[in-house]
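Below is one structure, written out as structure tokens; the observations come after it.
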Amino acid sequence: AEHINSKGLVPAIGMLGRDASVLDKLINESTSREVQGVALFYKMNAAKGRELTEQNIAEVKPLIKRIQKDYGDVHLMLAGGMDRGALADLVGNELFAFENLRVGKQAPEIKGEDVEGVAFKLSDYRGKVVVVDFWGDWGGPCRAMYPHERSLVKRLADEPFALIGVNSDPKPKVVSALERENITWRSFWD
């Protein structure tokens, strides 16, 4: 109660937020925008649970909209000074994922260039089952997938299927991996 208006309370709100009445008190009685915004963020998380669903969107969406409108510039600071980012970005990502990245939704457009500098986009593959694989040759788990991916591409060669990679390794390393591992499917390179 003595620190309800202190911005220094922000890193502790996540632990305090297990009690809905505490969050409501912080949202309604604090004079600190940071405290109010972060408390509202944790209230939204509690209402959301692990993910946004059709069942909880009616309760969560107004909280997201309020956070974006009134507290979007407030940063979520964690204990130890770690900055998770602006609340508008954090909740915007949640809402974007709910509205666009679910089974039955059309995938958002991805545009880019492959390693050879040729532009292409995800929608070029519309009508096919597309697997988007985020990979880096620096990662052991990614390298371990190369044989499985080659097998998948070979097995589904006559089907409406495409494996599309997304890679951000330095270009010479990507080119080397493509040749060395016989990676024949296209990858966005950024």
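The values are calculated or read from the model by the stated rules, or taken from the named source; none is laboratory data. All values reported here derive from a predicted model rather than from experimental measurement. Neighbour counts are summed over all protein chains in view; Cβ atoms, including those assigned to glycine, are modelled from backbone coordinates with ideal geometry. Only protein heavy atoms, including side chains, enter the accessible area calculation; ligands, DNA and RNA are left aside. Shrake-Rupley method; radii C 1.70, N 1.55, O 1.52, S 1.80 Å.
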_Pairs, first open to solvent by 70 Å² or more (accessible area, probe 1.4 Å) in the range 60-85, second aromatic (Phe, Trp, Tyr), C-beta under 9 Å, six or more apart_ = Lys61/Phe98
*Mind checking whether some residue in the range 77-93 is among the small types (Gly, Ala, Ser) and in a loop (DSSP other than H, G, I, E, B)?*
no
*Counting just the residues of the range 93-127 that are among the aromatic types (Phe, Trp, Tyr) and over 26 Å from Leu178 (Cα atoms), which one comes out modelled with the highest pLDDT?*
Phe96
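Residues are listed down the side, and each one gets a yes or a no for (1) out of contact with any strand residue (DSSP E or B) (no Cβ under 8 Å at 6 or more places or on another chain); (2) under 30 Å from Val60 (Cα atoms):
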position: Ile110; (1), (2): no, yes
position: Leu122; (1), (2): no, no
position: Val129; (1), (2): no, no
position: Gly136; (1), (2): no, no
position: Met145; (1), (2): no, no
position: Ser151; (1), (2): yes, no
position: Leu163; (1), (2): no, no
position: Val175; (1), (2): yes, no
position: Asp190; (1), (2): no, no
*asked:* Every residue in the range 107-155 that is outside any loop (DSSP other than H, G, I, E, B), of a type in the set (Asp, Glu) and open to solvent by 60 Å² or more (accessible area, probe 1.4 Å), please.
replied: Glu113, Asp124
_Close pairs (9 angstrom Cβ cut-off, 6 or more residues apart or separate chains): over 14 Å from Phe41 (Cβ atoms) and hydroxyl-bearing (Ser, Thr, Tyr) in the range 1-18, open to solvent by less than 30 Å² (accessible area, probe 1.4 Å) and part of a loop (DSSP other than H, G, I, E, B) anywhere_ = Ser6/Ser30; Ser6/Ser32
_Every residue in the range 51-76 that is of a type in the set (D, E, K, R) and either part of a helix (DSSP H, G or I) or closer than 15 Å to Gly14 by Cα (or both), please._
Glu59, Lys61, Lys65, Arg66, Lys69, Asp70
*Which ones in the range 158-169 are open to solvent by 70 Å² or more (accessible area, probe 1.4 Å) and at pLDDT 95 or above?*
Asp158, Glu159, Pro160
*Restricting attention to the range 94-104, which residues are part of a helix (DSSP H, G or I) and either open to solvent by 90 Å² or more (accessible area, probe 1.4 Å) or touching a residue at least 40 places away in the same chain (Cβ under 8 Å) (or both)?*
Glu94, Leu95, Phe96, Ala97, Phe98
*Examine the range 29-43 for a residue that is without any contact (Cβ under 8 Å) to a residue 24 or more places away in the chain and of a type in the set (Ser, Thr, Tyr), and state whether such a residue exists.*
no
